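The values are calculated or read from the model by the stated rules, or taken from the named source; none is laboratory data. If you're wondering where the values come from, they're calculated on a predicted model, not measured in any experiment. Reconstructed Cβ throughout: ideal geometry from the backbone, glycine too, with neighbour counts over all protein chains shown. Accessible surface areas use protein heavy atoms only, side chains included; no ligands, DNA or RNA. Shrake-Rupley method; radii C 1.70, N 1.55, O 1.52, S 1.80 Å.
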Amino acid sequence: MNTSVAVEGLVLAIVGVVGSEHVRSDPASLDAYGQDALRQGHAPWLVVLPGSTREVAAIARVCHESRVPLVVRGAGTGYTGGAVPTHGGVVMSMERLNRILEIDEVNLLAVVQPHVITGDLQRAVEAVGLFYPPDPASLDRCSIGGNVAECAGGPRAFKYGTTKRYVLALELVLPTGEIIRTGSKAVKNVVGYDLTQLMVGSEGTLAIVTEITLRLVPRPPARATVLALFPSIRAAVEGVTALIQRRVTPATLELVDADSLDAVRTHTGGEVAPAGTGAALIVEVDGMQAAVEEEAVIVIAACQGAGATVVSRAVDDQDRERLWQSRRMLSESLRATGLLKINHDVVVPRGRVPELFDLIQELKERYRLRIAAFGHAGDGNIHVNLMVNRTDEAERERARQAERVLFERVVELEGSISGEHGIGFAKARYIDIELSADTIALMKRVKHAFDPHGILNPGKVFPD
Ligand SMILES: Cc1cc2nc3c(=O)[nH]c(=O)nc-3n(C[C@H](O)[C@H](O)[C@H](O)COP(=O)(O)OP(=O)(O)OC[C@H]3O[C@@H](n4cnc5c(N)ncnc54)[C@H](O)[C@@H]3O)c2cc1C
């Protein structure tokens, strides 16, 4: 299927479905849709922008019948190459399917098309006193469809859980072209296998999500945000343990190490933490006003007890947003150093976070690497960024060795090699560190049941 004649036939078939104005095959488009936030990948042969579920199904049928790879793309903010082809084929961008179809204030749910931007949905539901908690740091760019496919998390996962807790029902197009519905608007549903949850985190390899019904919760009326600065990462990690032992469940519990703080300071000029700060915790509690006040006092005392040198509370929404904006700028600030940022999102059981930071220190010393770490300490989900000089091949090789050791040891710590970014093609070669051969074989049988010709997002999750 890689001759130009065959591609011309494919273009004709797809133009017949959506019209030529919704098909792109110019070099600039192929280049743009051949990359996501991983900044690696291969250009597709063509890009198609369907405008309805019926068109999605017709395109899937064309690809299925002609055995052409089909890669679904949300906003392209994924970190593991999930939304880009590994060997050409068609990229189907969901960008025209971008409407909030319903916000149901009685049943506490929203029905959306896949390309609704996460932050837009949050603002729309908050305007009527409701709340959609999952908050990936990319929330102003990423799409709900991509969040479902990756089971996106974010700072609030500690209290509110990740995307999977909120997906009630889906409309799906199978790679063979059938349209099915899973789940329902009811909050309970135990009929048959739970295909809805199977779909969440399946990285666009099983089916194409064309409509999502999401559970909402009431918007918490009050919140308090506390920034605590510590002399060392060890002290900050002790602060996390102290908080949990005091039985507070913050909405967010974010930890940022010294290298990450330095990068934000340099990139944004912002002064969240002065130079020399060892680590920072951003803790937010939310709920009813009186409970929030009580919990904020406990949070401040716990941080001070763990050795925080400065503990401050955001005075208003603007102050609070300034803090969160700096947190959301972490990835961009690390990239702005000019070094290659190899980003891993490992996760360990919360009680083993101190051991994870010991491991990071060991890797820094053993492989002579710069490693910047930050993340959702409350969940044990830490973003470990190996910061590598692009032109130093020896350093890149040491980073490759270090990442394998990182993954092996994280699994020994009873954790997982990915807490929220998924596997894509970037980490496919590592999945056998975590999953047994029998488990991988079963997953491949599930994939085959959905996608007998293996056209949907090939080369992802499983090593070729
Ligand atoms: C600065 C930055 C910060 C980030 N912070 C976080 C964070 O805090 N937490 C977190 O979890 N992630 C984070 N991410 C990663 C990323 O934003 C998430 O994985 C997000 O869910 C991807 O959404 P997307 O719309 O960009 O999907 P894409 O990148 O376009 O696609 C991701 C995967 O989903 C599949 N897919 C997309 N749409 C559909 C669909 N409709 N049907 C079937 N499959 C589909 C694709 O095939 C692909 O495999 C961050 C990324 C960046 C760049």
Degrees, to the nearest 10: 289-305 long Cα axis against longest axis of the chain | 70 degrees
Apply the Karplus parameterisation 6.51 cos²θ - 1.76 cosθ + 1.60, with θ equal to phi minus 60°, to every residue of segment 445-459 and state each ³J(HN,Hα) to the nearest whole Hz, in sequence, with x for glycine and proline.
-> 5, 4, 4, 5, 5, 7, 9, x, 9, x, 8, 8, 6, x, x
Angle between the chain longest axis and helix 393-412 axis [Cα atoms, degrees, rounded to 10] | 80 degrees
Percent antiparallel among DSSP beta bridges confined to segment 4-93, rounded to 5, stands at 20 percent
Given Lys427/Lys460; Lys341/Lys364; Lys341/Lys427; Lys164/Lys185; Lys159/Lys188, the pairs whose alpha carbons are separated by over 18 Å = Lys159/Lys188
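Order these peptides, 146-159, 20-33, 399-412, by their mean beta-carbon neighbour count within 10 angstrom, highest first.
On the way: 146-159: 26.6, 20-33: 14.4, 399-412: 18.1.
Sorting 146-159, 20-33, 399-412 by mean packing, highest first, produces 146-159, 399-412, 20-33.
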Among Met199, Met443, Met288, Met329, what's the order by accessible area (1.4 angstrom probe), most exposed first?
-> Met288, Met443, Met329, Met199
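Let me have the 222 nm mean residue ellipticity of the chain computed from DSSP H runs of 4+ only, each contributing -39500 (n - 2.57), with the sum over all residues rounded to the nearest 500. Please list the in-between numbers first.
Details: 16 runs with 171 residues, N = 464.
-11000 deg cm²/dmol, from helical runs alone.
Given segment 43-182, what percent of its DSSP beta bridges are antiparallel, to the nearest 5? Walk me through the numbers before you get to the answer.
Details: 9 of 16 bridges.
Among the beta bridges of segment 43-182, antiparallel pairing accounts for roughly 55 percent.
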From the Cα centre of segment 87-116 to that of segment 290-318, the distance in Å is 38 Å
Residue-count net charge about Glu102 - beta-carbon cut-off 12 Å; Lys, Arg +1, Asp, Glu -1 = -1
Under the Karplus relation with 6.51, -1.76 and 1.60 and θ = phi - 60°, whole-Hz ³J(HN,Hα) for segment 26-38, x at Gly and Pro, equal 6, x, 5, 5, 4, 5, 4, 7, x, 9, 10, 5, 5
Of all DSSP beta bridges in the chain, antiparallel share, percent nearest 5 | 90 percent
Charge tally in the Cβ shell below 13 Å around Gly78, where Lys, Arg are +1 and Asp, Glu are -1, Gly78 excluded | 0
Helix 353-366 versus the longest principal axis of the chain: what angle, 0 to 90°, nearest 10, using Cα atoms?
-> 80 degrees
